[in-house]
Amino acid sequence: MSSSHRIVGVTIAENPPKRLDKAIARDVPEAASLSRSRLARLIADGAVMRDGVVIDDPRAKVAEGDLFEIHVPEAEESHIGPEDIPLNIVYEDADLIVVNKPAGMVVHPAPGTPTGTLVNALLHHFGGELSGVGGEKRPGIVHRIDKDTSGLLVVAKSDAAHHGLAKQFEAHTAERHYLAVVHGAPDQADPRLGGIKGASFEKGNILKITTQLARHKTDRQKQAVLFSGGRHAVTRARILQTYGAPAQAALIECWLETGRTHQIRVHMAHAGHGLIGDPTYGGRRKLNAKAIGPAAIEAARTFPRQALHAATLGFEHPITAEKLSFEAPIPADMVELIEILRDG
C-alpha cells in the first residue's frame, strides 16, 4: 500500500447487491468521484479493506452495515509524453478545458498513433498542473471525435470533473450538434427514404434514424447498422442548405440522442446520404454534372476528409452546475467546399 494516499469510507446501505464491486459502486460517496472502472482496479490492486483485511475478490459477499476503507493512491505521472503542439482553446478553468480540435488530430494515443495527439498537446499545455484522473496525471477524455472530424471537445482536469461530465454524456444530457455536407438532401419529399428501415421524419422535415450499431463482422475498423443486438443509436438531421438543381448535396445539422462510434457517418450512409469525403462510409455516389457543374464535382471528389464538424457543445459544469454552451465556426476547408458547391 502506498504511503501517499487518501482513505474513502464506504458504509453498505440496505438491500445491497450481492457482489462487493457492485455494492461499493452503488454506495461510494459521490464526493469521492470514483468511477466503476476505477473502483474495479482498486479492488484488484488490494486497496479495499474490511476490518483491516484486504478484500480483492470483486465477487466477495457483502452485508448491510459493512464498513469498507478504500485506499486511493495519489495520481502517478502519466506514461504519455507532453508535446508542444498548438491548441485552439475555446474555454478553460480549474476543472476543465474546451478545445476546438483540428481535422487530422487523433484524440488519444494508440498503437498506430503514439504521438501527436490531443492528449500529448494537453499534457504540455497543463505543464504538470493536473490533479489526476483515474489514478494518473492525465487529461480526462470524456468523449471523442474521429481523427478527421473537426470541432469541440470537453476534457476534464480532475476525477471530480471527469466523473460529473461522464454522467452527463452517459445520460445523453450533453448537447452536441454537428454540421455535415452530404450527398443528396435528406428530404421528407423523397419517397426513397420512406422505404429505409429505421428512418422516419418528425415535424419540421427532421430526419430521425433509429438503429442498433455494432462493429462490422468482417472489417473491425467499421461500424455496421443492425436491428437486433449491438447498441441503441438515434441521430436526427435537418437540411440547412442544398446545392444543385435537383439537389446534389446539402449542408445539414445533425444532433445525437446517443453517442456511438462513427454514428453520424454510419447513419447518414444508411439513409443514402453519405458524407462527402468519407473514405469509409461515403459510398460510390457521384454528383451529376448537369445539375451542379464540374467545379463542384471536382471539389467533392477531392475533399480529403469526411465533411463533418462538431459545431456546438453544451453541458452543465460538473463542479459549479453552471450551464455552459460553446460554438466553433466551420473550418476553412469546409467553408471552401460549401462555397464551391453553392456556386457550382
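The values are calculated or read from the model by the stated rules, or taken from the named source; none is laboratory data. Treat the numbers as computed from the prediction; the structure is a model and nothing was measured. Here Cβ is always computed from backbone atoms with ideal geometry, including for glycine, and neighbour counts include all displayed protein chains. Just the protein is used for accessible areas: all its heavy atoms, side chains included, with ligands, DNA and RNA removed. Shrake-Rupley method; radii C 1.70, N 1.55, O 1.52, S 1.80 Å.
Taking volume of the Cα convex hull per residue in Å³ straight from the coordinates, which label in (1) 153; (2) 182; (3) 164 is the correct one? Evaluating volume of the Cα convex hull per residue in Å³ on these atoms matches (3).
In percent, rounded to a whole number, the relative contact order of the chain is 14, using alpha-carbon pairs under 8 Å and six or more apart.
Shape class for region 188-344: oblate, because the ratio a/c of the largest to smallest gyration tensor axis (alpha-carbon atoms, square roots of eigenvalues) is 1.5 or more and b/c is at least a/b.
Let me know the shape class of region 291-344, please: from the alpha-carbon gyration tensor, a ≥ b ≥ c as square roots of the eigenvalues, rounded when a/c is under 1.5, otherwise prolate if a/b is greater than b/c, or oblate. Prolate, because a/c is 1.5 or more and a/b exceeds b/c.
A prolate overall shape is assigned to region 116-230, the ratio a/c of its alpha-carbon gyration tensor axes (a ≥ b ≥ c) being 1.5 or greater and a/b exceeding b/c.
Applying a DSSP loop filter and a limit of 10 other Cβ atoms within 10 Å to the GluC sites (Glu not before Pro) in region 8-109 leaves 14.
Within straight-line reach of residue 22, meaning a Cα separation under 27 Å, sit the following lysines at least 8 residues removed in sequence or on another chain: 61, 137, 157, 167.
How large, in percent, is the carbon and sulfur part of the accessible surface of the chain at a probe radius of 1.4 Å? Let's see the in-between values first.
Numbers: 8410 of 17000 Å².
About 49 percent, which is the carbon plus sulfur part of the accessible surface.
A simple charge model with +1 on the Cβ of Lys and Arg, -1 on the Cβ of Asp and Glu and nothing else charged puts the dipole of the chain at about 1840 debye relative to its Cα centre.
Each peptide in 217-225, 201-209, 304-312 receives the mean, over its residues, of other Cβ atoms within 10 Å, and ordering these scores from highest gives 304-312, 201-209, 217-225.
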